[in-house]
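Report on the structure given below.
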Amino acid sequence: RRLNTARKIDCGSNSNVTTTTATVSCPSGITSLGSAGCSIESYGFVYGTSSNPTISNTKVQVGTTYTTTGTAFSKGLTGLTANTTYYVRPYATNGNGTAYGTQTSFKTLELPKYTVTLNAGPGTCAASVTETSAGAGVTLPTPTLDCGDWEFAGWKTTSAVTTETTTEPTLIPAGAYSPTSDITLYAVYQRTEESAGGGSTEETVSFSDQGYTNQQEVSSY
């Protein structure tokens, strides 16, 4: 005898939903094991982004032996897509086929969005960018400015290099960047000076938030 879907696995619940994970449960378990001699060979959950998923969709097996009716079971789902609706059904398979339980659904959470404010000093750049996905992050630009020997060196998270220094700060290069909270980044500029001494040429690299030897007010954009 084939397991009866409507009466034999009538359960389903979802919890702990995040952007990429969720826990699916069958609190009341399987209420009938089928006819004698047809023991359950596999049970768990099937899910997908379309209604009424089957074992031909994504199947997550909880176990292969189920001997006591009413035993609850659950499973954690991973690798989900953010801001997406998923449909879930418990399933049980024996020698006569597969039965499905009550369908439930859940929607994964949206990825967090963070604002990155860029302070480029006397240069110019975009005022701010908002990441559209935590995974993709944002693209930090290279400020456009005309400041003689000074050139853009990178972005940093604190505004500490207000005067010229030869101590290199920790910098974030232009390009892909994945913030974890709202943040303001400050542009740092550098210049290289050569000096001759003892028959050799030495190079000194200086850094500054300002980008100019004559200090100018750092403007927020």
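The 1.4 Å probe gives accessible areas that order C26, C38, largest first, as C38, C26. Within the full protein context, the accessible area of S74 is estimated at about 60 Å² for a probe radius of 1.4 Å.
Placing pseudo-labels 7 Å out from each Cα toward the beta carbon at S178 and T81 gives an inter-label distance of 1.9 nm.
The values are calculated or read from the model by the stated rules, or taken from the named source; none is laboratory data. The model shown is predicted, which means the values in this text are computed figures rather than measured ones. All Cβ positions, even for glycine, are placed from backbone atoms using ideal geometry, and neighbour counts span all protein chains on display. Just the protein is used for accessible areas: all its heavy atoms, side chains included, with ligands, DNA and RNA removed. Shrake-Rupley method; radii C 1.70, N 1.55, O 1.52, S 1.80 Å.
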